[in-house]
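The values are calculated or read from the model by the stated rules, or taken from the named source; none is laboratory data. The structure displayed is predicted, hence computed values, not measured ones. For neighbour counting, all protein chains shown are included, and Cβ atoms are generated from backbone atoms with ideal geometry for every residue, glycine included.
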């Protein structure tokens, strides 16, 4: 990890913000504005939003910037010529020598190689990219073990588990519980969920600023299933030691169940700036962006079991975890395509679990603990199968 400055007694962390124009990236930059004595933005990266990145670069004056899209990278090089800000690759931005903490908030498998690069160079990885752990968790953790890198989760649920587990002995644990808001279709019948349109699936009640794919994944509960796979890697927990409970208020983010029956809960406002700050500042804690919820201000908290009939994607994720190997990478890759097809209006929401089940059924295993290239190959295979999949009704119509 790079050298850190001390200014007025505060430890300054030099950060890379990859995915700086998305919701997580914007929240991270908001924290940098609020804590200029603690955070210094060193590199920035986006996919294609050149204007958004340039606006951030003008404010933070980073050492280097990057864009994953070749056209966008060319525009950056042209518009930053002579500015003193270097234009580099996303992987270079992740592993930039003066960076202490790399926040990977790039969506999809595009975040895999930057995450690996940050870990390989021993930096703290503040991880908001699910694919890195779902598709290649074993490889990422092996690399972190060799380099001495820390991996801190940015998902509110995993950050909550990490916080609640501080000081808890492993032998005292019984189960880890991830909470789910239930998404925009909570309480709907199985038939209603299956018939849902993109308009309904994108109307999240408590996390409205998320990206389109993750919002659809909350509507199917696959997002929570992917988080189960993440928790398996982060906390070395088997499938039976990780449970899911629906909590509509989104105030309790994680629950640790101890051997004596005690429950440790982590609760806070549904504000992603809190887990981002925790990952950047750990082991320190900073003042919250908004006033904390006092105990007297907590809403009536409700907890319910998930409706597994209406939301079969949750069990598909558990099945992929049991299968191991490259099955989680296949599930994730197929889902990216399935969600894109759903959002394009090709079929209703209920076809997503059917597609995922069909692709997983064609999967033949693969390496028990896949390396990055094997995970990426499985991802590419799954995307091809998902793109080719046709519902029976559509297939019959096409054959006429």
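Tell me whether region 189-211 contains one or more residues that are at pLDDT 95 or above, surrounded by fewer than 18 Cβ atoms within 10 Å (Cβ to Cβ), touching a strand residue (DSSP E or B) at 6+ places or on another chain (Cβ under 6 Å) and in the same structural domain as residue 254 (by TED's automatic domain parsing).
For region 189-211, residues at pLDDT 95 or above, surrounded by fewer than 18 Cβ atoms within 10 Å (Cβ to Cβ), touching a strand residue (DSSP E or B) at 6+ places or on another chain (Cβ under 6 Å) and in the same structural domain as residue 254 (by TED's automatic domain parsing): absent.
Which members of region 212-235 meet the condition of being at pLDDT 95 or above and either surrounded by fewer than 18 Cβ atoms within 10 Å (Cβ to Cβ) or outside any helix (DSSP H, G or I) (or both)?
Selection gives 221 alone.
Name the helices (runs of 4 or more DSSP H) wholly inside region 302-400 in which the number of residues that are modelled with pLDDT under 95 and touching a helix residue (DSSP H, G or I) at 6+ places or on another chain (Cβ under 8 Å) is 3 or more.
On the way: elements: 313-323, 327-343, 351-362, 372-388, 392-399.
The helices (runs of 4 or more DSSP H) meeting that bar are 372-388.
Within region 1-14, is there a residue that is crowded, with 19+ Cβ neighbours inside 10 Å, outside any helix (DSSP H, G or I), in contact with a strand residue (DSSP E or B) (Cβ under 6 Å, 6 or more places away or on another chain) and modelled with pLDDT of 95 or more?
Here is the first cut: in region 1-14, the ones crowded, with 19+ Cβ neighbours inside 10 Å are 13-14.
Next, only the ones that are outside any helix (DSSP H, G or I) stay: 13-14.
This time we only want the ones that are in contact with a strand residue (DSSP E or B) (Cβ under 6 Å, 6 or more places away or on another chain), so: 13-14.
Retained after the next criterion (residues that are modelled with pLDDT of 95 or more): 13-14.
There is at least one residue in region 1-14 that is crowded, with 19+ Cβ neighbours inside 10 Å, outside any helix (DSSP H, G or I), in contact with a strand residue (DSSP E or B) (Cβ under 6 Å, 6 or more places away or on another chain) and modelled with pLDDT of 95 or more.
Is at least one residue of region 76-93 within 22 Å of residue 277 (Cα to Cα), surrounded by 16 or more Cβ atoms within 10 Å (Cβ to Cβ), modelled with pLDDT of 95 or more and within 26 Å of the chain's Cα centre (by Cα)? Let's see the steps before the verdict.
Of the residues in region 76-93, the ones within 22 Å of residue 277 (Cα to Cα) are 93.
Going one step further and asking which of them are surrounded by 16 or more Cβ atoms within 10 Å (Cβ to Cβ), we end up with 93.
This time we only want the ones that are modelled with pLDDT of 95 or more, so: 93.
Still in the running and within 26 Å of the chain's Cα centre (by Cα): 93.
Yes, region 76-93 has at least one match.
Condition check: within 26 Å of residue 174 (Cβ to Cβ), in the same structural domain as residue 235 (by TED's automatic domain parsing) and either in contact with a strand residue (DSSP E or B) (Cβ under 8 Å, 6 or more places away or on another chain) or in a helix (DSSP H, G or I) (or both). Does residue 266 satisfy that? Step through it out loud before you land on a result.
Numbers: within 26 Å of residue 174 (Cβ to Cβ): yes; in the same structural domain as residue 235 (by TED's automatic domain parsing): yes; either in contact with a strand residue (DSSP E or B) (Cβ under 8 Å, 6 or more places away or on another chain) or in a helix (DSSP H, G or I) (or both): yes.
Spelling it out, residue 266 is indeed within 26 Å of residue 174 (Cβ to Cβ), in the same structural domain as residue 235 (by TED's automatic domain parsing) and either in contact with a strand residue (DSSP E or B) (Cβ under 8 Å, 6 or more places away or on another chain) or in a helix (DSSP H, G or I) (or both).
Which condition number does residue 293 fail, the rest of (1) over 30 Å from residue 365 (Cα atoms); (2) crowded, with 16+ Cβ neighbours inside 10 Å; (3) touching a strand residue (DSSP E or B) at 6+ places or on another chain (Cβ under 8 Å) being met?
Failing condition for residue 293: (2).
Among 349, 298, 314, 356, which is the only one that is surrounded by 14 or more Cβ atoms within 10 Å (Cβ to Cβ), in contact (Cβ under 8 Å) with a residue 24 or more places away in the chain and more than 24 Å from residue 238 (Cβ to Cβ)? Lay out the reasoning, then the answer.
On the way: 298 fails: surrounded by 14 or more Cβ atoms within 10 Å (Cβ to Cβ); 314 fails: more than 24 Å from residue 238 (Cβ to Cβ); 356 fails: more than 24 Å from residue 238 (Cβ to Cβ).
Unique residue meeting the criteria: 349.
Take residue 269 and tell me if it is closer than 30 Å to residue 143 by Cα and either surrounded by 16 or more Cβ atoms within 10 Å (Cβ to Cβ) or without any contact (Cβ under 8 Å) to a residue 40 or more places away in the chain (or both).
Details: closer than 30 Å to residue 143 by Cα: no; either surrounded by 16 or more Cβ atoms within 10 Å (Cβ to Cβ) or without any contact (Cβ under 8 Å) to a residue 40 or more places away in the chain (or both): yes.
So residue 269 fails the test.
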